[in-house]
Every structure is written in C-alpha cells, then in structure tokens.
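Asks: Following this message is one structure expressed as structure tokens.
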Amino acid sequence: MSDDLNVDGVEAVLAGADGRLADPGFLVNADPEEVLGLVDVASGPAGQLAGAVYRAGVPGVGAPAP
C-alpha cells in the first residue's frame, strides 16, 4: 500500500514539473535554478520541449550568449 502512495507521489511531482514548465508566467518569474531543476525531471513532451527551449536560453548552460 505504501508503494502505491510513493508511486502516486512521484507521478504528481512529474506532472507538476511539466505543468510548471508549460506556464509562461512561471518561466519568466521563477529562479532559473528552480526551473533548471524541473527541466531535469520533465516527463511529457510539452515539458521537455519547454525545458529544452529554456535551457538553450540560459547563458552558460545552453547555447552561448550572442
């Protein structure tokens, strides 16, 4: 029974990460380190895409600054 709760908890965290990464207001206002932490756990296509775009725009992490 506790395993069910643990799995549900992990799924909720992953779904929350994807949801936050798809929220433009969160991406603009959040601490970049928090966003990058969520990028690492994104599981859905929308979260992974948003995370990749965000990571590419962070100087020193993704693409080089222009």
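Asks: Want the number for A46 to N29: 0.36 nm per residue separation, take away the alpha-carbon distance, what's left?
Replies: Result for the pair: 4.2 nm of gain on full extension.
Asks: Keeping all protein chains in place and using 1.4 angstrom, which order do D31, D18, D40 fall into by accessible surface area, from largest down?
Replies: Numbers: D31 90, D18 25, D40 110 Å².
The ordering from most to least exposed comes out as D40, D31, D18.
The values are calculated or read from the model by the stated rules, or taken from the named source; none is laboratory data. Just so it is clear, the structure is predicted and the values come from calculations on it, not from any experiment. Please note that ligands, DNA and RNA were not included when accessible areas were found on the heavy atoms of the full protein model with its side chains. Shrake-Rupley method; radii C 1.70, N 1.55, O 1.52, S 1.80 Å.
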